[in-house]
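The structure under discussion appears below in the form of C-alpha cells.
The values are calculated or read from the model by the stated rules, or taken from the named source; none is laboratory data. Source: prediction; values computed, not measured. Here Cβ is always computed from backbone atoms with ideal geometry, including for glycine, and neighbour counts include all displayed protein chains. Please note that ligands, DNA and RNA were not included when accessible areas were found on the heavy atoms of the full protein model with its side chains. Shrake-Rupley method; radii C 1.70, N 1.55, O 1.52, S 1.80 Å.
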Amino acid sequence: MSLPQNVVVVGAGIAGVSAAASMRASGYDGRLLLVGDETELPYRRTAVSKEILRGDKTADGIRIKPEQWYADQQVELVTGTTVVSLEPGAVLTQDGDRIPADRIVLATGGRARKPFVGDRICTIRGLSCLPLPVGPEEPVVIVGAGLIGSEGAASLRSLGYQVTLLETAALPLPRLLPAPLAERYVALHKSNGVDLQTDVSVSSVAEHGDEVRITAADGRSWTAGAVLLAVGMEPNIELAQGAGLHLAAGGVAVDWAGATSAPGVYAAGDIAARPSSHVDGAFRL
C-alpha cells in the first residue's frame, strides 16, 4: 500500500489533534489538514465545567496546543468549517469546497443532549455555552448529577450561586460508584451547600418570563434563573451515517487499528466503537 499524500482529520478536539500529532511523530510528512467546526483554536473541553466556568482560566489557558505548534508541525488548521459529506478521495465542506483526502480520520466528537430549549436553558460542553445568562444573585438548577453536572455544581457554589442538583437515580453515578462512595459523594455536595435531590425524573423544563420552571414526574417543581442540562452527550455520527459506514454501540464501528468499514477512513475519540476484550461486541467510551 502506498503512503497517503493527503490526510484530513475531521474534528479538532483532543482526539483530532492527538491524531495529527501522532502522525507527525510517526514520520508522516505528507499534507495534513485538521478541520474543526468551531472558530476557536482547539481547546480542552473538559475544562469548561471547571476552570472556565469558575473564571480561573481563559480560553487561551486551555488550548490543546499553542498556535505556533500547528505551523511548526505543518498541520493546516481549518477552523469554523463544517464537513458535510465524504466521497472517495475527498471531503466536502458546507461552503462547497472539495478537499482531497487519501486518508480520512473522523474525530467528530459529540454534542450535549438538550431535550429542553430556551434562552435560560443551557449546557456546558463548549466555550460557546458560556457565560451563563444569570449571575450569583439568581438560583441555578442543574439537571443531571453525573461528572459534568457535579463539576458544574461545585464550580458555581464556589462563585456563590445557590445550586439545586437533580438526579434521576437513587444515588449519583450508579455505573461508576458503589453505594458507600456514592453516599459520601452526596454528603460532600450537601456539606458544600448544594441542594442535591435524587430520585427525580424531570418531565419538563420551561421558561416563564425571567425564570425557568422545572417539573418532575411526581409533581415536584423548582424555579430558577437558569437551568444547566447535564444529561449526557450524543455522538456526532451523522457524517459517518451519510457515508454508509458501519455503526455499532451508538458510534462508528472500527477495528483494533481504528479503521472503519470504508477503505482509508478511520474513526477516533467519542464516536469510535471499538472491539473489546472484556465485553461482547463493540464498546464506545
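Couple of notes before you dig in:
- Boolean, E137 is surrounded by 13 or more Cβ atoms within 10 Å (Cβ to Cβ) and either in contact with a Pro (Cβ under 7 Å, 6 or more places away or on another chain) or over 27 Å from I14 (Cα atoms) (or both): no
- Residues being free of Cβ contacts under 8 Å to residues at least 40 places away in the same chain and either open to solvent by less than 30 Å² (accessible area, probe 1.4 Å) or over 21 Å from the mean Cα position of the chain (by Cα) (or both) - total across segment 47-57: 1
- Tally, over segment 114-128, of residues that are touching a Ser or Thr at 6+ places or on another chain (Cβ under 8 Å) and either buried (at least 22 other Cβ atoms within 10 Å of the Cβ) or not in a loop (DSSP other than H, G, I, E, B) (or both): 1
- Residue in segment 161-177 that is surrounded by the most Cβ atoms within 10 Å (Cβ to Cβ), counting only those that are without any contact (Cβ under 8 Å) to a residue 40 or more places away in the chain and under 15 Å from A224 (Cα atoms): L165
- Only residues that are farther than 21 Å from L92 by Cβ and of a type in the set (K, R) were counted across segment 1-40, and they come to 1.
- Within segment 14-46, being open to solvent by 40 Å² or more (accessible area, probe 1.4 Å), β-branched (V, I, T) and touching a residue at least 40 places away in the same chain (Cβ under 8 Å) holds for I14, T39.
- Single match in D195, D270, D199 (criterion: among the acidic types (D, E) and within 30 Å of L106 (Cβ to Cβ)): D270
- Filter pass, I124 being in contact with a helix residue (DSSP H, G or I) (Cβ under 6 Å, 6 or more places away or on another chain) and touching a residue at least 40 places away in the same chain (Cβ under 8 Å): yes
- Across segment 186-201, a minimum of one residue is classified as in contact (Cβ under 8 Å) with a residue 12 or more places away in the chain and in contact with a His (Cβ under 8 Å, 6 or more places away or on another chain).
- Condition broken by D102, with the remaining ones in (1) more than 28 Å from D218 (Cβ to Cβ); (2) touching a Gly at 6+ places or on another chain (Cβ under 6 Å); (3) of a type in the set (D, E) satisfied: (2)
- Among the conditions (1) within 23 Å of T82 (Cβ to Cβ); (2) touching a Leu at 6+ places or on another chain (Cβ under 7 Å), the only one that A19 does not satisfy is (2).
- Candidate set from segment 82-111 (those that are surrounded by 12 or more Cβ atoms within 10 Å (Cβ to Cβ) and small (G, A, S)); member that is nearest to G244 (Cα to Cα): S85
- Per-region count, segment 58-81, residues closer than 30 Å to G144 by Cβ and loosely packed, with under 14 Cβ neighbours inside 10 Å: 4
- Beta carbons closer than 6 Å, at least 6 apart along the sequence or on distinct chains, never pair a first residue in segment 213-224 that is more than 13 Å from S201 (Cβ to Cβ) and modelled with pLDDT under 95 with a second that is part of a loop (DSSP other than H, G, I, E, B) and open to solvent by 80 Å² or more (accessible area, probe 1.4 Å).
- The residues of segment 15-37 that are in contact with a helix residue (DSSP H, G or I) (Cβ under 7 Å, 6 or more places away or on another chain) and either aromatic (F, W, Y) or more than 21 Å from P100 (Cβ to Cβ) (or both) amount to a single one, A15.
- Qualifying residue in segment 122-137 (condition: more than 15 Å from the chain's Cα centre (by Cα), under 25 Å from E38 (Cβ atoms) and among the basic types (K, R)): no
- Candidates P180, P131, filtered to the one that is open to solvent by 70 Å² or more (accessible area, probe 1.4 Å), in a loop (DSSP other than H, G, I, E, B) and not hydroxyl-bearing (S, T, Y): P131
- Yes/no for T123 being of a type in the set (S, T, N, Q), within 24 Å of A206 (Cβ to Cβ) and at pLDDT 95 or above: yes
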